[in-house]
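Here's the structure we're looking at; comments come further down.
The values are calculated or read from the model by the stated rules, or taken from the named source; none is laboratory data. Keep in mind that what you see is a predicted model, and the values were worked out from it rather than measured. Cβ atoms come from the backbone with ideal geometry, glycine included; neighbour counts cover every protein chain shown. In case anyone asks, the SASA skips ligands and DNA or RNA and just uses the protein heavy atoms, side chains included. Shrake-Rupley method; radii C 1.70, N 1.55, O 1.52, S 1.80 Å.
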Amino acid sequence: MCGIVGYIGRQQAAPILLDGLSKLEYRGYDSAGVAVYDGDRIVVEKCKGRLETLNHKLNGGRTVKGTLGIGHTRWATHGAPSDVNSHPHMTENGRIAIVHNGIIENYLKIKEFLVNKGYKFVSDTDTEVIAHLAEYYYDGSILDTIVKVIDKLEGSYALGIICEDNPDEFFAVRKDSPLIIGLSEDGNFAASDIPAVLPYTRKIYLLEDDEIVRVTRDGVTVYNTDKETVSKEVFEVNWDVGAAEKGGHEHFMFKEILEQPKAIKDTINPRVKDGRVVLDDITLTKADIEGIDKIYIVACGSAYHVGVVGKYIIEKLANISVEVDLASEFRYRAPIVTDKTLVILISQSGETADTIAALREGKRRGARILSVVNVVGSSIARESDNVIYTWAGPEIAVATTKAYSTQLSVMYLLAAYLGQEKGLLTEAEVSGVIGEMSKLPALIQTVIDSQENIQYFASQHFNAKDVFFLGRGVDYAVSLEGSLKLKEISYIHSEAYAAGELKHGTISLIEDGTLVVALATQGPLFEKMLSNIKEVKARGAVVLALTQSANKEIEQVADAVLYLPDCNDLIAPSLAVIPLQLFAYYISVMRGCDVDKPRNLAKSVTVE
C-alpha cells in the first residue's frame, strides 16, 4: 500500500520521482506528492487524485527544479483523501519534509504531547506527528533526530526524509513496511518496490527492520538504531523492465492472465527430476516430515484461497491434517502450535503485514516456517526457515492471476513431495502426479484460447446485481477465488458458497434472474452438483456451469456451459480458475472500471 520514491543524483529529481511513482501505482493510492530541494528551500507539491493530475500540475516535473527529492502515493488510512492529507508532510518551519508508508499506532498520544508543546496540526494523518516530532528533536543532526523519533514510534513505517540543512543527502528508514535502496552511477534511490528503480539500476540493497539509510549522490551508508554502520550485500535484479510493462496489452491483468502457462512452467519444471519432486532449497528431512503432526496454511485474500485448495491436496497426497487460517485471525488467537507443526505462509509480495505477524507468532510458538512467495529477498522470505519461490515474475495488476496460479502449482509440488518423502506414494503415483502437473501449461493455454466464449457470456451479464458461485470440494475453494475476482474489479456483489450448504440458508437469496456460476469439475461430486444446479434453477436462477468436456449431460440443467479440457481432478482447480479470471476481466472492462487499479484496493497490503 502506498508508494515511496526518493532520489539524489546528477539529474533533475522531479521527473524521476514521478516516473518511479508511476511504476508503483499498482500498490493503490488516492493522492500523490513530491518534495524537492531547489537549492534554496524545500518545495512541496501534492494533490488528491491520480498521479496524472500531479504530473500535469508539474508539467512532467519540469516546473520543480532540483536534484534531491522524495515522492509519495498515498492510500488513505487516517483522514479522507485530500490535498492537505496528501504526503509529503512538513515541519512547521519548513525545514524537514517526510513521506511515510504504514500506520503509527500511538500517533494520538504523540499528537497530544506535541499540541501541548504548541505545535499546530493541519491534517488528519498519523504521518504529520512524525514531521512535528522531528522538528521537536532536531538539534542540527538529522541522523540523531531520526534515531530519537523512531524510538518514540509504535507501529509500521517506511520513511523518506529530506532536510534543507542537508542538501546533499536524504534519509530512509524501514520498520515492518517494504523499502529498498537502488544504487547507480548517476545517483541513488529509495523506493517501496523494485519496479520504481528498475529503469535506472539493477543493483539494490534489501533493508531489514530498524535500519536507517543515508543516501548521497555518490554512496549509501546503512546504520542500525545505535548509529553503527551495517554491511549490506548488493542484490542483482534478474528480470527486465519489459516484464513490468504492459507489452502492448490494454491492461496488466490481461497480460498477466496470458502469462500463466509460462509462469506455471517456470515454477514446476525446475522442481521435477527423474520422476520425482525435488525441493533442494528446503531443509526438511525425511524425519522432519514424518514428525509433522499438523500443518497450518496461513495467508490473506487470494493466497488464502490457494491455501484452501492446498488443504485438500496435501491431506489427500500426504495424509497430514491441514488447517487453513486467515493471517489476520491466526495472529490474534491462540493457535495450537508445537515444534511438530509446519506453518506454511503464502504471499505474493512477501510483505503482507498480517502474514508477517503470523509468521512471527508461529516462530514464537516453536513451529517450523515454510513460505511460498514470489518476491525474492522479501521480508517473509528472509524470516522463514525455508522458502519456495513462485517464478511468476512481476505482477502489477491489483487482482492477482499468475501469482495465484503459481502458488497453486507449488501446493501440488509440496503435497506430492510430502507424500513422496513419507513413502505414502509409490514411484508410479509420484510420476503420475508429475505427469498431470506437466500438462498444465498446455491445458491452460487451451482454456485461454477459448476466451471468446467467456467474453460472450460476460457480455450477457455485465449488468448483474448479484452473482453467486457454487462448488463442492476443491471447486468450492476455486469458487472463493472466482467470486473475489469479480467483486474486486467489477464492484458487483458476489459470494461463494459450498453447494451443500444451499439448504441451510443460502438458497433464500436466489430469485428470478439471479446469476449463479456453478463449478462441477470433480467426478465423484458431479451428480451432487447437478442436483444443486436444479435447486437454484427451480428458484429462477440463470446458471453458468463450468465442467470438464466429457460432462455433456450438464447442458440439460444449465443455461450455458464453459468446458475445460478433460484432466485429472487433482489439477482441475488450475484450469477452472482461468475462465473465472477472464470472466471477471471482461465484465470489468464492459462496465468501464479501472481494471488494474480497482477502487479502495492495493496490491501489497502492508498495514493491518
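Between the range 420-476 and the range 1-46, the alpha-carbon centres lie 42 Å apart. For the chain, the longest principal axis of the C-alpha atoms and the axis of helix 526-537 are separated by about 70°. Under the rule a/c < 1.5 gives rounded, and otherwise a/b versus b/c splits prolate from oblate, where does the range 237-333 land using the Cα gyration tensor? Oblate is the answer for the range 237-333, as a/c is 1.5 or above yet b/c matches or exceeds a/b. A simple spin-label model places pseudo-atoms 7 Å from Cα toward Cβ; at E52 and R382 they are separated by 3.6 nm.
Taking 0.36 nm per residue of sequence separation and removing the Cα-Cα distance, the Y456/A428 pair yields an extension gain of 5.9 nm.
Given in Å, the Rg to one decimal and the Dmax to the nearest whole number for the Cα atoms of the range 504-578 are 12.3, 35. Give me the percent of accessible area attributable to carbon and sulfur for the chain, probe 1.4 angstrom. It is 47 percent, rounded to a whole number. With equal scatterers on the alpha carbons only and no solvent term, can you work out the Debye log10 of I(q)/I(0) for the range 468-523 at 0.17 1/Å? For the range 468-523 at q = 0.17 Å⁻¹, log10 I(q)/I(0) is -0.51.
For D218, what is the net charge nearby, where nearby means another residue's Cβ is under 11 Å from its Cβ and Lys, Arg count +1, Asp, Glu -1?
Within the 11 Å Cβ shell, the charges total -2.
Taking every Cα-Cα distance in the range 266-394 and sorting them into 10 Å bins starting at zero, the pair-distance distribution P(r) comes out as 13, 46, 36, 5, 0 percent. Taking the average, over residues, of other Cβ atoms within 10 Å as the packing measure, peptides 426-434, 228-236, 386-394, 88-96 rank 386-394, 88-96, 426-434, 228-236 from highest down. In angstrom, the C-alpha Rg and Dmax of the range 368-490 are 17.7, 52. Calculated from the alpha-carbon coordinates, the chain shows an Rg and a Dmax of 25.4, 79 Å respectively. Couplings 3J(HN,Hα) for the range 2-15, derived from phi with the Karplus relation 6.51 cos²θ - 1.76 cosθ + 1.60 (θ = phi - 60°), are 6, x, 10, 9, x, 8, 9, x, 9, 10, 5, 6, 4, x Hz, where x marks Gly and Pro. Residues of the range 210-238 with backbone nitrogen within less than 17 Å of a virtual label 7 Å along the Cα-to-Cβ line of K148, please, listed as ranges. The answer is 225-227, whose backbone nitrogens lie closer than 17 Å to the label point.
Report, in degrees rounded to the nearest 10, the 0 to 90 angle that the Cα long axis of helix 451-461 makes with the longest principal axis of the chain. Compared with the principal axis, the helix lies near 80 degrees. About its Cα centre, the range 114-265 has a charge dipole of approximately 360 debye under the convention of +1 per Lys or Arg Cβ and -1 per Asp or Glu Cβ, with nothing else charged. Accessible area per residue for the range 46-123, computed on protein heavy atoms with a 1.4 Å probe, is 47 Å². A Stokes-Einstein calculation at 10 °C with viscosity 1.306 mPa s, built on the Kirkwood radius of the range 1-101 over Cα pairs, returns a diffusion coefficient of 122 µm²/s. Here the dipole of the chain is about 520 debye; that uses its Cα centre as origin and unit charges on the Cβ of Lys and Arg (positive) and Asp and Glu (negative).
In the chain, the longest principal axis of the Cα atoms and the axis of helix 353-364 are about 80 degrees apart. Roughly what % antiparallel, to the nearest 5, for the DSSP beta bridges in the chain? For the chain, the DSSP antiparallel bridge percentage is about 60. Only lysine pairs 8 or more places apart, or on different chains, with alpha-carbon atoms under 18 angstrom apart are counted in the range 510-608, and they number 4.
The calculated FRET efficiency for E511 paired with D339, based on their beta-carbon distance and R0 = 45 Å, is about 0.30.
Once you reduce the range 91-156 and the range 511-569 to the center of their Cα atoms, the two points are 58 Å from each other. Relative protection proxy for 414-421, 344-351, from highest mean packing down: 344-351, 414-421 (other beta-carbon atoms within 10 angstrom).
A 1.4 Å probe run over the range 472-608, with the rest of the protein chains in place, finds 36 Å² accessible per residue. This model, with +1 at the C-beta of Lys and Arg and -1 at the C-beta of Asp and Glu, gives the range 99-163 a dipole about its Cα centre of some 140 debye.
The protection proxy used here, the mean number of other Cβ atoms lying within 10 Å of each residue, ranks peptides 496-505, 400-409 as follows, highest first: 400-409, 496-505. What is the pair-distance distribution P(r) of the range 36-166, computed from all Cα-Cα distances in 5 Å bins starting at 0, with each bin given as a whole percent? Taking all Cα pairs of the range 36-166, the binned fractions are 2, 10, 21, 23, 21, 13, 7, 2, 0 percent.
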